[in-house]
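Right, one structure below, let's go through it.
Computed from the coordinates by the stated procedures, all read-outs in this text should not be read as laboratory data. Bear in mind that the values here come from a model prediction, so they are computed numbers and not experimental data. Every residue, glycine among them, receives a Cβ derived from its backbone with ideal geometry; neighbour counts consider all protein chains shown.
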Amino acid sequence: MTGITSLFSLFPYSRLVNSVQRSNELYDLLAPEVREELARYEEAKTVPAATALIRRGVPPEHLVILDAGSVEVSFQTGKGLLSTVVNGGGKVFGLREALSHMASEADIVALNQCQVKLIPQRRFTAILKQHPEIYAALARLLSADLKVAQDLLRRAPRKSSSAKPK
Amino acid sequence: MASADQFHIIENCLKCPLREDRLFCDLPDDVLKDLQEIKATSFYPKGVLLCLEGQPARGVFILCTGRAKLSTTSADGKSIILRIAEPGEVLGLTAVIGKTSYEATAEILEPTQANFISGQDFLHFLDKHSNVGMRVAHQLTHNCRCAYEEIRSLGLAKSVPEKIARLLLKWSERPLKVVKTKPTEIAIRVTLTQEEIAQFVGTSRETVSRTLGDFKKKGWLNIRGATWYILNKPALEKLTNS
């Protein structure tokens, strides 16, 4: 992925103090005390365009909350990249990986300057153990993610071939 | 246990011998008691449509036994088989949780017992019991992974034989245990028609028929009704790796 900067290795982040968005799709579904607990581990950053927030094939170390800006979510298929654009407004990435402890299937790359908050996966997992009621919220978010995946699958080009076996 | 059409219906989830094997059903007794109160158990023969793509979601179906074919319509109007839902899966989760319409059509492939829970009852059940939320979240994670794996693999197979070999190898992960086979053989139950297999791999029925014929001639596969015998798994593996 030429020209993409790794979020966690190269970029000198700036911490946002006053303009941090308090609401996102996860927090909106949680009780105030759980939100507060998660917020204790947030790290707010501004990242430039082309920053890789999550890399395909790599287990993410953080949940990424997109507060402002746009990202491209792309999947490698046999026929090239299949991608969709997500615009700010509190989208949270890395939840599935937090549950499955597996690598990400997608590259998530900033399309412009983005404001994000990062929560370490291990902190999130620990809080999940303390507050299992979070699972109901996760189910709602994962349900929406699955819908996106199914839409992508529907849109994906399909090839038919009649070649014989060797 | 009631019996219909030589099929044993397990009406009481608390007494279900399969519950520990099922991700969703392996719940504490008090939670299962609540589930027992809100579910309606039915038996469905092959061919029944549990739900239709685009239909407003009424509720979820827990597949107790049997399997269902999940299909959708592609952007160019073709029928696509997304996957085969296995026993223990909950169907309709996305639609009920999102309060939208069903994303796929679910058609019963073999005699099946399923528990239906209305959308409202299911959402209440989900909010009340965190261990239900956990199971639902894990199933959705699994479903997402399957969908992305399918997206990733689109176009990777170079030929129809390779795609069909992949499908057979995938099905061989769940071999029939009741059928006696030689040590090198794997028996699988295939309830899809050749037309449906064609929809699965994105080709024509004729090509599927010709490919299966080639596999049989080569001694890789034997088909006896709905029971298929994979006779040469290494050859199929070699084909998918070529």
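Amide H to amide H distances under 5 Å link B:Arg67 with B:Leu109, B:Glu110, where only residues 5 or more positions off or on other chains count and H is placed in the peptide plane. Using a cut-off of 20 Å between alpha-carbon atoms, which lysines can reach A:Lys147, once sequence neighbours fewer than 8 places away in the same chain are excluded? Reachable lysines: A:Lys91, B:Lys69, B:Lys78, B:Lys99. Taking label positions 7 Å along the Cα-Cβ direction at both B:Glu206 and B:Gln55, the computed distance is 3.5 nm, reported to one decimal. For the range B:24-91, the relative contact order comes to 31 percent (Cα pairs under 8 Å, sequence separation of at least 6).
Among B:Asp21, B:Asp26, B:Asp121, a tally of other beta-carbon atoms within 10 Å of each Cβ gives an order, fewest to most, of B:Asp21, B:Asp26, B:Asp121.
Across peptide B:92-105, the average count of Cβ atoms from other chains found within 10 Å of a residue's Cβ is 3.
Summarising the label geometry, the points placed 7 Å from Cα in the beta-carbon direction at B:Ser118 and A:Asp151 lie 3.0 nm from one another. Each residue in A:Tyr135, A:Tyr27 was given a count of other beta-carbon atoms within 10 angstrom of its own, and listing them fewest first yields A:Tyr27, A:Tyr135.
Can you show me the helix-derived [θ] at 222 nm for chain B, built from DSSP H runs with n ≥ 4 at -39,500 (n - 2.57) apiece and divided by the number of residues, rounded to the nearest 500.
Per the formula, -11500 deg cm²/dmol.
Put a dot 7 Å past the Cα of B:Glu110, heading toward its Cβ, do the same for B:Asn131, and the two dots end up 3.0 nm apart.
The H on the amide N of A:Asn112, modeled in the peptide plane, is under 5 Å from the matching H of A:Ala50, A:Ser70, each at least 5 residues off or on a different chain. Multiplying the residue separation of B:Lys182 and B:Ile9 by 0.36 nm and removing their Cα-Cα distance gives an extension gain of 59.0 nm. When each of the peptides B:186-192, B:44-50 is scored by how many other beta carbons lie within 10 Å of its residues on average, the order from highest to lowest is B:186-192, B:44-50.
Taking the Cβ-Cβ separation of A:Asn87 and B:Arg224 as r and a Förster radius of 56 Å, what is the calculated FRET efficiency to the nearest 0.05?
For A:Asn87 and B:Arg224, the calculated efficiency is 0.55.
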